[in-house]
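The values are calculated or read from the model by the stated rules, or taken from the named source; none is laboratory data. Source: prediction; values computed, not measured. Neighbour counts are summed over all protein chains in view; Cβ atoms, including those assigned to glycine, are modelled from backbone coordinates with ideal geometry.
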Amino acid sequence: MGKNPAELIQASGADNNVRPVGSRRDFLKAGILAASGIIAAAAAWPLARLAMRKTPWTPPVFVDAVMLADMPEVGVKMVDLSLTKGGRPDARVFVKRTPDGSIIALSAVCSHLGCIVNYDRLKDQFVCPCHGGRYDGNGKNISGPPPAPLARLPVRIAGAYIQVGIRRPPV
Ligand code: FES
């Protein structure tokens, strides 16, 4: 009577680690590899999008953001800015006085997928509600998926106002 294939392998002294092709382990390995590839592609997509962006450069238009007298010594002011007086907002920005007394403006748009970040006053950090990205008080990305800092916008003082330079399309 003939032996079955497993008995033949045993009898020939062949490697006991030989597994049949298409085992469950191979299937799981292929699945994990495919899932890893999809995750890597999803993580790289925002960077690729930034690299491919072909927005023509236009000079910023300075608009009144905050009255100098209303600017707090510590903390930030979040303001919506419009290129047309009374029009719908074109940009949401944080205006902030730094410890050395200078004033900066940061776009509130997360560099990951464009959600609007919030300011955590206790930690002096900007936090994105969408995927938990965090930026330090100067807008530098410090944890989570954001691939770049918050955009720093030009600032100038004009009369009684702090003005921030914005562009179309919205920053
Ligand atoms: S949109 Fe993803 S972390 Fe902000």
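So the values come out like this:
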| quantity | calculated |
| --- | --- |
| Selected residue [at pLDDT 80 or above and more than 30 Å from residue 120 (Cα to Cα)] from 26, 70 | 26 |
| Residue match in region 121-130 (condition: without any contact (Cβ under 8 Å) to a residue 40 or more places away in the chain and polar (S, T, N, Q)) | yes |
| Every residue from region 124-138 that is surrounded by 14 or more Cβ atoms within 10 Å (Cβ to Cβ) and assigned to a loop (DSSP other than H, G, I, E, B) | 124, 128, 130, 133, 136, 137, 138 |
| The one condition in (1) closer than 15 Å to residue 138 by Cβ; (2) in contact with a Lys or Arg (Cβ under 9 Å, 6 or more places away or on another chain) that residue 81 fails to fulfil | (1) |
| Residue satisfying all of: in region 132-145; of a type outside the set (Gly, Ala, Ser) and either free of Cβ contacts under 8 Å to residues at least 40 places away in the same chain or more than 9 Å from the ligand (Cβ to nearest atom) (or both); nearest to residue 74 (Cα to Cα) among these | 138 |
| From the options 102, 107, residue that is surrounded by 14 or more Cβ atoms within 10 Å (Cβ to Cβ), of a type outside the set (D, E, K, R) and more than 8 Å from the ligand (Cβ to nearest atom) | 107 |
| One residue from 89, 129 being within 16 Å of the ligand (Cβ to nearest atom) and not polar (S, T, N, Q) | 129 |
| Region 117-130, residues that are within 25 Å of residue 73 (Cβ to Cβ) and of a type outside the set (S, T, N, Q) | 117, 119, 120, 121, 122, 123, 124, 126, 127 |
